[in-house]
Amino acid sequence: MQKNWTIKDLLEWTTRFFTDKGIENPRLNAEVLLAQVLNKDRVYLYANYYAPVNKHEREQYRELIKRRANREPLAYLVEKREFMGLDFKVTPAVLIPRPETELLVETVLQLVDPHQPVSICDVGTGSGAIAVSLAYYLPQAQVTGIDISEEALEIARFNAERHGVNVRFLKGDLLTGLAAEERFHLICANLPYISEEEYPGLDQEVRDFEPKLALWGFGDGLELYRKLVPQVWTHLQPGGYLFMEIGCNQAEAATQLLPASVSVQVMQDWSGLDRLIVAYKEMG
């Protein structure tokens, strides 16, 4: 007699399977994937714990389980990741937004009066997580997102539309495509900063599935910042700020890229690791 698989059965079996495969948070992974297949939220799973799951749904679920066991990131399987309380579409064309990057957005939000107009440029916007979040929480802001990848920009535009914000997205190599006279109050950059030495040792989920273009910073990891920093001072207004997310061991080297005339602060993430450089361009 064929087994009548319920939500409970599937979650318990998958949790054991993921545990054996060494997947972190195996129960959460099982729940997120099953909720995706059923097109429901996770609360639904427990409200309908003993409900049967049909054969077609089980086949879809089985395929996702195989891919997850192969270390394909959960965010790519469900095509979304939460960032700053907002859901963002993500695909293998873009880096999956990280919790530590919320430090950059939160620092900007603490600095800027939400009722005052402000111009912001997000360099290397990727999924648009930074640009869209800032436009969402700072409705008076004029936000520009720049990326070299057209595929990434398509995802960013989708995310802006999803959250009802108006962000200008441009394809370009750092700031080189901007008009010479264009100035911003704030320039944000979460550029690739993984060094050539570190890249082979990345977690398999990151190294094998996330776009190398969005991770690898060449050489010591700071090559793109070396290109960006000289461009910034042309496009940053006096009294403006530059925000740069960095690797936890790059603060000293990254700080040395900045002119001696700017005020610099290094900020730590929630794990106590150096993560963000804030540089202030003096007035006059």
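Bear in mind these aren't lab numbers, they're just calculated from the coordinates by the rules spelled out. A quick note: this is a predicted structure, and the numbers were derived from the prediction, not measured. Note that we place each Cβ from the backbone using ideal geometry, even for glycine, and neighbour counts take in every protein chain shown.
Which is the longest part of the chain that has none of the chymotrypsin sites (Phe, Trp or Tyr not before Pro) sitting in a DSSP loop with at most 14 other Cβ atoms within 10 Å?
51-269
What does the charge count around G22 come to, taking other residues whose C-beta lies under 12 Å from its C-beta (Lys +1, Arg +1, Asp -1, Glu -1)?
Cβ neighbours under 12 Å give a net charge of -1.
With all pairs of different alpha carbon atoms counted, what Kirkwood hydrodynamic radius in Å does region 89-280 show?
16.7 Å
Going by how many other Cβ atoms sit within 10 Å of their own, how do M84, M267, M283, M244 line up, fewest first?
Result, fewest neighbours first: M283, M267, M84, M244.
Per the Kirkwood definition applied to all pairs of different Cα atoms, how many angstroms is the hydrodynamic radius of region 1-90?
Here the Kirkwood hydrodynamic radius works out to 13.5 Å.
Given region 18-171, what whole percent of its Cα pairs are spread farther than 26 Å?
37 percent
Measuring from label point to label point, each 7 Å out along Cα→Cβ, what is the R62 to E196 span in nm?
The answer from the label model is 4.7 nm.
Give, as a single signed number, the net charge of other residues whose beta carbon lies under 13 Å from the beta carbon of W216, with Lys and Arg counted +1 and Asp and Glu -1.
For residues surrounding W216, the net value is -4.
Rounded to the nearest 500, what is the chain's calculated 222 nm mean residue ellipticity when only DSSP H runs of at least 4 contribute -39500 (n - 2.57) each, over all residues?
Computed ellipticity for the chain at 222 nm equals -11000 deg cm²/dmol.
Please give every one of the aspartates and glutamates within straight-line cross-link reach of K281, meaning a C-alpha to C-alpha distance under 18 Å, and leave out same-chain neighbours fewer than 8 residues apart.
Partners found: D122, E181, E182, E245.
What is the ratio of the Cα radius of gyration of region 188-284 to 2.2 N^0.38 Å, where N is its residue count, to two decimals?
1.14
With +1 on the Cβ of every Lys and Arg and -1 on the Cβ of every Asp and Glu, and nothing else charged, how large is the dipole of the chain about its Cα centre, in debye rounded to the nearest 20?
1000 debye
At a Cα cut-off below 27 Å, give the lysines reachable from K3, other chains included and same-chain residues fewer than 8 away excluded.
Partners found: K21, K40, K55, K66.
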